[in-house]
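Step one of this worksheet: look at the structure below.
What follows draws every value from the coordinates through simple rules; no lab data is involved. Keep in mind the model is a prediction, meaning the values are calculated, not measured. Cβ sites come from the backbone with ideal geometry, for glycine too, and all protein chains shown count toward neighbours.
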Amino acid sequence: MALDLLDVGLSRREVCRILDVGYASTYRWQVRLEPLPNGSAIDCFRCTGLPLPDARAYLYLLGQYLGDGHIRKSGRTHCLSITCCTDYPDIIREVEEAIPRVLDASVFHRGREGVGCINVEANTIHWKCVFPQHGPGMKHTRSIVLEPWQQGLVSQDPRPLIRGLIHSDGYRGLNWTERKVGGTVKRYTYPRYQFSNESADIKRIFTDALDQLGIAWRVMNRRTISVARREAVAALDEFVGPKS
Ligand SMILES: [Zn+2]
């Protein structure tokens, strides 16, 4: 029934309403419509040495994890938790869809809708294998360095990492400036991106990725990196754009 509804093009939210089921439970059905690589469960690529099934999904999830995620012990396993703003359902969906393309884990939500954010979570013992930046304490109080294999993936294409970082700790908004034209003051608005994080290491991972693509940035304040030049904003618009 749910598959039929999804198949004719209804959104997951509409299917939830019609069948009166939770939003997270529809993701498995959707995955059945769009089979995962190899069509079956994905083993941990770090433990098995098998190729990473989907580098794009991995780097996106890495960006989300570095921005707004954490790994905690949950019984005998580990739980990856990504905090998402409920104003941006498309981003929630992108996180939900990236998770099973990295590791074989069922996605669920924790926390109440209506408080502005929701935690998108999944349990597997292998989160620490794929995100070795895990450690005790807040991320800004410890060193966050990408391992060579992660850096290799970023070097091949840093765009999904940048997208994940901006989707978690960044935004695209409008800035304004005033200029005198022919004696009258005119106000101009222009789009710009900002990325804010307490960790100097995570900000450096972000700016290194921008450098790799030749996208200009500047330090706005202690926490924030700004991308405001017209051609730099246009470059980010090609693969990030406004949050939704
Ligand atoms: Zn593993």
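Given the Cα-Cα distance of Arg76 and Val219 and 0.36 nm per residue of separation, how much length would full extension add, in nm?
Difference between extended and current length: 47.3 nm.
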Region 58-217 - percent relative contact order, Cα under 8 Å, separation 6 or more = 25
If each of Trp149 and Glu238 carries a label point 7 Å out from its Cα toward its Cβ, how far apart are those two points in nm?
-> 3.0
Lys203: which lysines have alpha carbons under 17 Å from its alpha carbon, excluding same-chain residues fewer than 8 sequence positions away?
-> Lys139
GluC sites (Glu not before Pro) within region 104-212, DSSP loop, no more than 10 other Cβ atoms inside 10 Å = Glu113
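Any idea what the dipole of region 93-244 comes to, in debye rounded to 20, about its Cα centre with Lys/Arg Cβ at +1 and Asp/Glu Cβ at -1? Don't skip to the end; give the middle numbers.
Details: 23 positive and 17 negative charges, 180 e Å.
Dipole size: approximately 860 debye.
Of the peptides 222-234, 164-176, how do they stack up when ordered by the mean number of other Cβ atoms within 10 Å, highest first? Each step should come with its number before you reach the end.
Details: 222-234: 15.8, 164-176: 19.4.
Those peptides, ordered most packed to least, come out 164-176, 222-234.
Gln212 to Arg110: FRET efficiency via 1/(1 + (r/R0)^6), r the Cβ-Cβ distance, R0 35 Å, to the nearest 0.05?
Values: r = 35 Å, r/R0 = 0.99.
Rounded to the nearest 0.05, the efficiency is 0.50.
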Per-residue HN-Hα couplings for region 79-87, Karplus 6.51 cos²θ - 1.76 cosθ + 1.60 at θ = phi - 60°, whole Hz, x for Gly and Pro?
-> 10, 8, 10, 10, 7, 10, 7, 6, 6
